[in-house]
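Trainee: Quick one: the structure is below, questions incoming.
Computed from the coordinates by the stated procedures, all read-outs in this text should not be read as laboratory data. Bear in mind that the values here come from a model prediction, so they are computed numbers and not experimental data. Using ideal geometry, Cβ is built from the backbone for each residue, glycine included, and neighbour counts are taken over all protein chains shown.
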Ligand code: 13P
Ligand code: SF4
């Protein structure tokens with residue numbers, strides 16, 4: 001039998017030592033060039049990963065980059081559904097993921113079966129799903145949204161068109177409030193990071209820093225959003241941080257974004273909001289599973305790869321393309 005060249009995976013990633021003294025950054029740069037590969041990284045990954053990425057962005061920006069890149073290989077440093085979306089948009093490219101175990105608590109809160117049952121309960125509703133979903137869920141979806149364009153897309157639908165919105169209840173309630181729609185049924189899912197910032201700690205931070213602006217992601221719950229000056233997707237919060245004249249910001253989103261905020265505004269101060277357990281840095285453990293070593297090994301062995309059945313990919317693509325056209 002032919003020997004496989006692919007190393008085995010342990011806990012979702014290649015687990016083997018790298019040669020002593022190797023310069024991971026230089027090796028990654030060399031292999032990227034040699035293989036015509038591009039590294040896309042979400043703003044929530046670690047600073048060392050964002051530093052070596054060709055493009056860093058939020059979920060909408062990363063999907064747009066995945067759709068338009070002319071690289072042969074995409075290394076996606078984010079979470080699994082994001083790499084899957086890149087594969088749906090670029091089926092002929094090789095999409096590599098440094099760690100297959102980069103799940104997302106929000107995407108995990110709904111599956112194909114539970115959504116199909118929900119849809120049966122609410123017939124004739126347009127199904128809108130947040131991009132934080134599996135390809136199977138997207139295949140049952142009419143239009144995908146991200147936190148950047150959810151309000152814009154829902155606003156374009158006729159007022160009397162009933163909607164199923166999922167899986168993030170906080171984003172759903174926020175969109176419902178901003179658009180003034182009553183006919184939205186919202187799935188009861190949440191993100192293990194954004195849904196758990198501590199409102200009392202935020203109130204305290206506001207007292208300690210009276211001139212600071214509060215920036216919050218719409219996946220945060222109402223007790224946080226009610227105290228925010230700016231509510232928006234990660235890219236919108238980043239933009240506010242460098243465009244607003246204030247020099248202090250209290251930030252209720254995943255603290256990986258501080259890397260880019262500080263890079264763009266080195267003289268400004270960014271203050272994290274603790275979570276309900278008193279932890280000062282409320283991080284997404286899934287995003288932090290990406291590392292230089294895993295990216296190096298993934299690029300070297302071109303493994304693990306994200307692959308999807310053709311039929312599933314084709315179905316999931318329709319609702320993502322509708323989003324692209326409407327955003
Ligand atoms: P963005 O659309 O802001 O990237 O959000 C994605 C995400 O996973 C937030 O938790
Ligand atoms: Fe998913 Fe929350 Fe992590 Fe975003 S921050 S990837 S929604 S678990």
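Trainee: Cα centroid distance between the range 213-280 and the range 8-81, in Å?
Mentor: 25
Trainee: So how do 188, 70, 168, 54 line up by other beta-carbon neighbours within 10 Å, fewest first?
Mentor: Working: 188 11, 70 8, 168 30, 54 15.
Listing 188, 70, 168, 54 from fewest to most nearby Cβ atoms yields 70, 188, 54, 168.
Trainee: Now, a different point. How would you rank 72-84, 249-261, highest first, on the average number of other Cβ atoms within 10 Å across their residues?
Mentor: Details: 72-84: 25.1, 249-261: 22.9.
Output ranking for 72-84, 249-261: 72-84, 249-261.
Trainee: On full extension of the chain, what length is gained from residue 326 through residue 301, given 0.36 nm per residue of separation minus the C-alpha to C-alpha distance?
Mentor: Using 0.36 nm per residue and subtracting the Cα-Cα distance, I get 5.2 nm.
Trainee: What is the gain in length, in nm to one decimal, between residue 34 and residue 20 on full extension, counting 0.36 nm per residue of separation less the C-alpha to C-alpha distance?
Mentor: 2.8 nm
Trainee: Next up: What Kirkwood radius, in Å to one decimal, follows from the Cα pairs of the chain?
Mentor: 20.5
Trainee: Explain nothing, just the number: relative contact order of the chain, from Cα pairs under 8 Å at least 6 residues apart, as a whole percent. Write down the numbers at each step before the final one.
Mentor: Working: 635 pairs, mean separation 74.2, N = 327.
RCO, the chain: 23 percent.
Trainee: Something else about it: Students often check this: by mean Cβ neighbours within 10 Å, which of 317-327, 15-25, 155-165, 212-222 ranks highest, and how do the rest follow? Walk me through the numbers on the way to the answer.
Mentor: Numbers: 317-327: 17.2, 15-25: 10.4, 155-165: 15.0, 212-222: 23.0.
Listed from highest to lowest mean packing, they are 212-222, 317-327, 155-165, 15-25.
Trainee: What FRET efficiency do you get for residue 311 and residue 204 if R0 is 51 Å and r is their Cβ-Cβ distance, rounded to the nearest 0.05?
Mentor: 0.45
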